[in-house]
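> A single structure is presented below for examination.
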Amino acid sequence: MNWVGQSIERVEDAALLTGRGRYIDDLAAPPGCLHAAVLRSPHPHAAIRAIDVSAARAAKGVAAVITADDVTQFGAPLLAGVKANIRCWPIAVERVRYVGEPVAVVIAADRYLAEDALELIAVDYAPLPITLRPADALKPDSAVLHEGLGSNIASDRSFRYGDPAGAFARAAHRVSVKVDYPRNSCTPIETYGLIADYDPGEDAYDMLATFQGPFSIHAVLARALKVPGNRLRLRTPPDSGGSFGVKQGIFPYIALMGIAARVAGRPVKWIEDRLEHLAASVSATNRMITLEAAVEADGRITALAWDQVEDVGAHIRAPEPATLYRMHGNLTGAYDIANVSVRNRVVMTNKTPTGLNRGFGGPQVYYALERMMQRIAVELQLDPLNVIRRNLVPSGVFPFRTATGGLLDSGDYPAAVQQAIDEGGLAELRARQQQARAEGRLYGVGMTAVVEPSVSNMGYITTVLTPAERRKAGPKNGAQATATISLDPGGAVTVHVSSVPQGQGHRTVVAQIVADAFGLRPSDIRVITEMDTARDAWSIASGNYASRFAPAVGGAVQLACERIREKLARAAAAQLNVPADEIEFAASRVRARGNPDNALPFARLAATAHWAPGTLADDDQALRETVFWTPPQLTAPTEEDGINSSLCHGFIFDFCGLEVDRITGAVRIDKYVTMHDCGRVLHPGMVAGQVAGGFAQALGAALYEAYVYADDGSFISGTLADYLMPTSAEVPAPLILHFESPSPFTPLGAKGVGEGNCMSTPVCIANAVADALGVKELDLPLTPAKLAALVHAA
Amino acid sequence: MKPAPFDYVRAESLAEAHDVLAAEGGDAAVIAGGQSLVPLLSMRMARPKVLIDIMHIAELDGIAMDNNTIRVSARVRQAELLAWPDLAVRQPLLAQAMPWIGHWQTRSRGTVCGSIALADPSAELPLCLLALGGEVTLSSKQGRRSVEAGDFFTGLMSTARRDDELIEQVSFPCRRPGEGFAFREFARRHGDFAIVACAAVATEKSVQLAVSGVADRPVVRDFDDASDAALAAFASELDTRDDLHATAEYRRMLVRELGRQTIEEARRCRA
Amino acid sequence: MPRLSPDARHTVRVTVNGRALEGEAEPRMLLTDFLRHKLGLTGTHVGCEHGVCGACTIQIDGAPARACLTLAVQADGADIRTVEGLAPEPGRLSILQEAFRRHHALQCGFCTAGILMSLNWYLARTPDPSEVELREFLSGHICRCTGYVPIVAAALDAAQRLRETGEQR
Ligand SMILES: Cc1cc2nc3c(=O)[nH]c(=O)nc-3n(C[C@@H](O)[C@H](O)[C@H](O)COP(=O)(O)OP(=O)(O)OC[C@H]3O[C@@H](n4cnc5c(N)ncnc54)[C@H](O)[C@@H]3O)c2cc1C
Ligand code: FES
Ligand code: FES
């Protein structure tokens, strides 16, 4: 019996349930540690004429006040992914460009005193005109944020795959949708936090931070702190209070607080508060999309034309504009569409810089694509299900290369759709709809098909560069996962992975995988997931993002187990007098296949390398294996800009029925069905958790959540009474279904499953609302006031 | 998000609280359940020099009934009034409306009088007090006075309470024979402040409709004729504006629709 | 009662999980900071400091309440229960905690302490809640990881087991 595939209890939980978690703010601060508070800009755009910190410096308990002068003296700008003449610092230098931008940092004996001193800093601002919306940023006369750029357009690239112009010329119909995708965030309940220390003797930084990766950012930070990478030790705490991508965005604060610790000459702790988090951490990008499709009379799409204007806010923070390119290989979604044109622009506005957020580009792309599918059905008077079916990548063609270069690894989309319809009861839902409509109620059915990419190709972001620029910069590709397994003198197994879990139970799943490989129990395995760049095996791809844990890190663990098993098998072969390939690992023993009595306890064999290394062949003596694994399919962009942006591609088919209240405009979800093909399921309970959790966040994005800026650039979603995350009273339980097509590209056959519903659910709900109200244009969030206005206008 | 410094006085008698209020006036703030005041302190939007904790003043305890009136003293938490066994019989409107105030976890601390003192324009208790024609008892070193609900709420989170006064108790008239009550609320999420809340009290002759969430304070209107036209006229007179959660137009629409439902239900309950 | 001045620290005495504890606090210190950083009880978490997320929920004088909306000096003399006091003994979990583990009702665990403290109180008063009642009660908490489905399942399961075993808390 395998442990993998079972919903075993998590090893993480006993500590977390008894209040013994070790989150950043629970850790003992180093002796002499001081506390930081950040003064933030109240203006969306203003020149800083002068900053007077003298009173703050003299205030009770204050050790130092850091301003742009210190940061420019000890640091360097943060590198970004596009070649543009912009200098982005972790603090406002000469100018503030968004409400909430750091302007000064007070370091004091405690947070209370630090906040007292913030009030004593006098900043003389000269307000500047603002550019707030992406449409404005495109205008040549918009107020320019970065003078070196000359405009607010940081990147403008066009792509052509196949013959989109020809396909549009021949098409029977053209259908188009316009989308203004709002800003939102998966907002973890734990905010950012860090402890910074600087050792002047070695010119080295030691940063313990709630950073979730990718560790490509380590290189960005080392440059920003002007030290070689080996003098920036970046560590993570044992437990994380959630991230969903968001905690990647702490990295500018790592640079800022590193410098603050250096100036203060003491360790510095900073725990972001909720107001800071909402106003100035990160959010997903807001995006303006025009999508056009060339469609045959039967609903078959022959070409897509994408025009995307990505609003990254006031700075381009690495890895942006990755949100725009993450889906590049999947711009055709779950469909077989041969001809695609794309225009991608990246614009700067006076809003908080954007960053990673669960779904990462998927919510935006699928909102447009799947609204399009619904519109095609309406405009051509077809059944939306048939429009989806007509265009799905057919069965039996995997691996399937998409027009834009993605390589869909495995699946059977039509079969998964059929199973979802049968098991999820679409017919019954439609009957309910008919009945409700007969009663005069506003009931809609929506559906959506989505390909969920996982394990990002670290090279996809270079698609933003032209082929010539890429040639100059050198190839970027791959995604190395790491795992280290060691056996101690008592034969106990310890595993380290650089997956930086944020609550997803990685330690449990790794223990399951290793237990299976060695014939042990999960409780025999200790798994360490704290990250320390000074000691652990890691790569730029390390971290917790792009749903890479199960497919990539799990795979690396499996490969490391296999290597150790080979060594142990050779040692056992000598002792048991059988060939190494007849050795098996089971029931905590290593034994001869077919003769279970000819066996050694696993622990005794495993200890041999410590106690009697001389009895082993040279190569077999070190019982510590570190595997770096990168999948060969993750190649750099081609000369034609084709890019396999992700390794694995799960498939999702969702449908739902909902009712819009005629008076209040409130949406009540009647039933939500979500079918997932995420390859091999390693732990069903955790997969269900990822789906249900992502669904709840997506429901929030669909109906409640938006980071809203008033026309004057002020941020008006600044508290949790303004930014509304759904609670248990608002989130229904989705019906979760599975279809299993193992990935041929990952060692365990697993694919990512963490982000799919953030991509599929918002648009599925929107399609149902569009169906209920018979409206064409519909932007999120679908608030009662917005929907009531549509109902009452009709 | 940490409060600015302040002095703290845990008053053990009414006189002690009155003394501090008399001495400090507007620089002092009463703290009761703290469910609204503490976040304001942490955001540094409230900056009192001294906080007077009234939750240990024995004189301010208890729910009492007299003269067909429920008297709720300043220390009484919302949860306590909700759990009061006579509530549904004595005043059904409160029993209906109070579960809409925040959550169990905030009603356990938040006081009835604190909500009245805060006078949030979207709050349930000020709405009920107004709909029922209740009264606020204020006291200070100068003495005691009562203010009718209609005179108490004077604007956006502002009341007739003087800086040297505290609310000793609020009084809600009990249900009288032949009265019917109804409460309706629409909020974005369960437990949020209302977008619009309506409370209606129907008698033989007329019906009172009070609404909150719309204007800068709760508003009440006596309807002899609760026709759609009358409701529409009422809604259009309300001074309301767009905000993050809803447009003014939407709020007016809700006043018309929820208002009608609430009135109808109150009349049904009377029957 | 003497007036407590802002600069001086004052001794705050509380009973936490049955034990008498004391620590120094300025009047403005929040109870969350007092519990976590003065008494070292870091199981109570801070997610918003304005009363909405529920992460800091503890029991004060027998009722669930937000520690972040309480000043430490207000709690002087109070009887407090925190997540650290839920397990019957080290190495054993309570029925409610076990149900959470069985149902995978936590992921990052950051919201969990608050939810447990609320449910521990609620299930003692409401031994047989409906799912609708539970969902309404839990609306005072935000969990960003689980989508609430397993939390509700764990609470219903725990309620049933508590009814069967008659275990009080
Ligand atoms: C998450 C959350 C949701 C909420 N939702 C709602 C909701 O839906 N509806 C709603 O109405 N409220 C809501 N509230 C606020 C409610 O919980 C408060 O209880 C109430 O508004 C204030 O009562 P309090 O006793 O906590 O007062 P405090 O916070 O202690 O004080 C509030 C104000 O009143 C003054 N004050 C208090 N008592 C007196 C007195 N006796 N005399 C003079 N002045 C006094 C204080 O100085 C202060 O200015 C919510 C709060 C939270 C945290
Ligand atoms: S921290 Fe107290 S409710 Fe969020
Ligand atoms: S488990 Fe992470 S917020 Fe609830």
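The values are calculated or read from the model by the stated rules, or taken from the named source; none is laboratory data. Keep in mind the model is a prediction, meaning the values are calculated, not measured. FYI the Cβ positions are ideal-geometry reconstructions off the backbone, even for glycines, and counts take in every protein chain you see.
> Take the residues in the stretch C:88-116 that are among the hydrophobic types (A, V, I, L, M, F, W, C), more than 16 Å from C:Pro64 (Cβ to Cβ) and away from ligand 2 (no atom under 16 Å from the Cβ); name whichever of them is farthest from the other protein chains (Cβ to nearest Cβ).
Restricting to residues being among the hydrophobic types (A, V, I, L, M, F, W, C), more than 16 Å from C:Pro64 (Cβ to Cβ) and away from ligand 2 (no atom under 16 Å from the Cβ), the top hit is C:Ile95.
> Given the criteria more than 8 Å from ligand 1 (Cβ to nearest atom) and in contact with a His (Cβ under 9 Å, 6 or more places away or on another chain), does B:Ala11 qualify? Show your work before the answer.
Working: more than 8 Å from ligand 1 (Cβ to nearest atom): yes; in contact with a His (Cβ under 9 Å, 6 or more places away or on another chain): yes.
Yes, satisfied.
> From the residues in the stretch A:718-739 that are within 17 Å of A:Val450 (Cβ to Cβ) and in a loop (DSSP other than H, G, I, E, B), which one is farthest from ligand 3 (Cβ to nearest atom)? Before you say what the answer is, go through the steps one by one.
Here is the first cut: in the stretch A:718-739, the ones within 17 Å of A:Val450 (Cβ to Cβ) are A:734-739.
With in a loop (DSSP other than H, G, I, E, B) added as a condition, the list becomes A:734, A:739.
Numbers: A:Pro734: 17, A:Phe739: 27 Å.
Taking the candidates together, the pick is A:Phe739.
> Hey, any hits in the stretch A:440-458 for a residue that's of a type outside the set (Ser, Thr, Tyr), at pLDDT below 95 and part of a loop (DSSP other than H, G, I, E, B)?
yes
> Also: In this structure, does C:Gly147 turn out to be within 17 Å of the chain's Cα centre (by Cα), within 11 Å of chain A (Cβ to nearest Cβ), assigned to a loop (DSSP other than H, G, I, E, B) and not aromatic (Phe, Trp, Tyr)? Explain how you work it out, then say what you get.
On the way: within 17 Å of the chain's Cα centre (by Cα): no; within 11 Å of chain A (Cβ to nearest Cβ): yes; assigned to a loop (DSSP other than H, G, I, E, B): yes; not aromatic (Phe, Trp, Tyr): yes.
No, not satisfied.
> Scan B:Arg251, B:Arg188, B:Arg221 and give me the residue that is of a type in the set (Lys, Arg) and either farther than 29 Å from A:Ala729 by Cβ or more than 14 Å from every other protein chain (Cβ to nearest Cβ) (or both).
B:Arg221
> Hey, among the residues in the stretch B:106-118 that are farther than 13 Å from B:Val170 by Cα and not in a helix (DSSP H, G or I), which one's farthest from ligand 1 (Cβ to nearest atom)?
My answer is B:Ser108.
> Just give me the residues in the stretch C:117-136 being facing another protein chain (nearest Cβ under 7 Å) and buried (at least 24 other Cβ atoms within 10 Å of the Cβ), in sequence order.
At the first step, the residues of the stretch C:117-136 found to be facing another protein chain (nearest Cβ under 7 Å) are C:118, C:135-136.
Within the stretch C:117-136, just C:Ser118 meets the criteria.
> I would also like to ask the following. Can you give me the ranges of the strands (runs of 3 or more DSSP E) entirely in the stretch A:114-196 with at least 2 residues that are more than 30 Å from A:Asn767 (Cβ to Cβ) and at pLDDT 95 or above?
Because the criterion is at least 2 residues that are more than 30 Å from A:Asn767 (Cβ to Cβ) and at pLDDT 95 or above, the strands (runs of 3 or more DSSP E) in the stretch A:114-196 that meet it are A:122-127, A:153-161.
> If you take the residues in the stretch C:52-92 that are part of a strand (DSSP E or B) and among the small types (Gly, Ala, Ser), which one is farthest from ligand 1 (Cβ to nearest atom)?
Per the criteria, the residue is C:Ala63.
> Could you list all residues from the stretch A:750-794 that are small (Gly, Ala, Ser), buried (at least 24 other Cβ atoms within 10 Å of the Cβ) and not in a helix (DSSP H, G or I)?
Within the stretch A:750-794, A:Ala750, A:Gly752, A:Gly754 qualify.
> Can you go through B:Pro99, B:Pro121 and tell me which one is modelled with pLDDT of 95 or more, more than 9 Å from ligand 1 (Cβ to nearest atom) and in a loop (DSSP other than H, G, I, E, B)?
Details: B:Pro99 fails: in a loop (DSSP other than H, G, I, E, B).
From the options B:Pro99, B:Pro121, the qualifying one is B:Pro121.
> Against the definition (among the hydrophobic types (A, V, I, L, M, F, W, C), over 30 Å from A:Val590 (Cβ atoms) and either outside any helix (DSSP H, G or I) or over 19 Å from the mean Cα position of the chain (by Cα) (or both)), how does A:Ala479 come out, yes or no?
For A:Ala479, the condition - among the hydrophobic types (A, V, I, L, M, F, W, C), over 30 Å from A:Val590 (Cβ atoms) and either outside any helix (DSSP H, G or I) or over 19 Å from the mean Cα position of the chain (by Cα) (or both) - is met.
> Continuing with this model, one more query. Return the total of residues in the stretch A:174-194 being within 14 Å of chain C (Cβ to nearest Cβ) and not hydroxyl-bearing (Ser, Thr, Tyr).
Looking only at that region, the number is 6.
> Do we have A:Leu520 as part of a loop (DSSP other than H, G, I, E, B) and modelled with pLDDT of 95 or more here?
Answer is yes for this residue.
> A further question follows. Run A:Val687 past the list (1) more than 14 Å from chain C (Cβ to nearest Cβ); (2) under 20 Å from the mean Cα position of the chain (by Cα); (3) not polar (S, T, N, Q) and report the number of the one that doesn't hold.
Result: A:Val687 fails condition (1) only.
> Only one of C:Cys143, C:Cys108 is within 16 Å of ligand 1 (Cβ to nearest atom), crowded, with 22+ Cβ neighbours inside 10 Å and closer than 27 Å to A:Asp273 by Cα. Can you tell me which?
On inspection, the qualifying residue turns out to be C:Cys143.
> Within the stretch C:111-140, how many residues are free of Cβ contacts under 8 Å to residues at least 24 places away in the same chain, small (Gly, Ala, Ser) and within 16 Å of ligand 1 (Cβ to nearest atom)?
1
> I'd like to check which helices (runs of 4 or more DSSP H) are fully inside the stretch B:1-84 and have at least 3 residues that are more than 7 Å from chain C (Cβ to nearest Cβ), surrounded by fewer than 21 Cβ atoms within 10 Å (Cβ to Cβ) and out of contact with any strand residue (DSSP E or B) (no Cβ under 6 Å at 6 or more places or on another chain).
It comes to B:14-24, B:78-83.
> Something else about it: Which one of B:Gly180, B:Gly213 is touching a Cys at 6+ places or on another chain (Cβ under 6 Å) and not hydrophobic (A, V, I, L, M, F, W, C)?
The conditions single out B:Gly180.
> I've got another one for you. How many of the residues making up the stretch C:68-85 are within 13 Å of chain A (Cβ to nearest Cβ) and of a type in the set (Gly, Ala, Ser)?
Selection size over the stretch C:68-85: 2.
> Got at least one residue in the stretch A:235-258 being more than 13 Å from every other protein chain (Cβ to nearest Cβ), among the aromatic types (Phe, Trp, Tyr) and either within 16 Å of ligand 2 (Cβ to nearest atom) or not in a loop (DSSP other than H, G, I, E, B) (or both)?
Scanning the stretch A:235-258, I find at least one residue that is more than 13 Å from every other protein chain (Cβ to nearest Cβ), among the aromatic types (Phe, Trp, Tyr) and either within 16 Å of ligand 2 (Cβ to nearest atom) or not in a loop (DSSP other than H, G, I, E, B) (or both), so the answer is yes.
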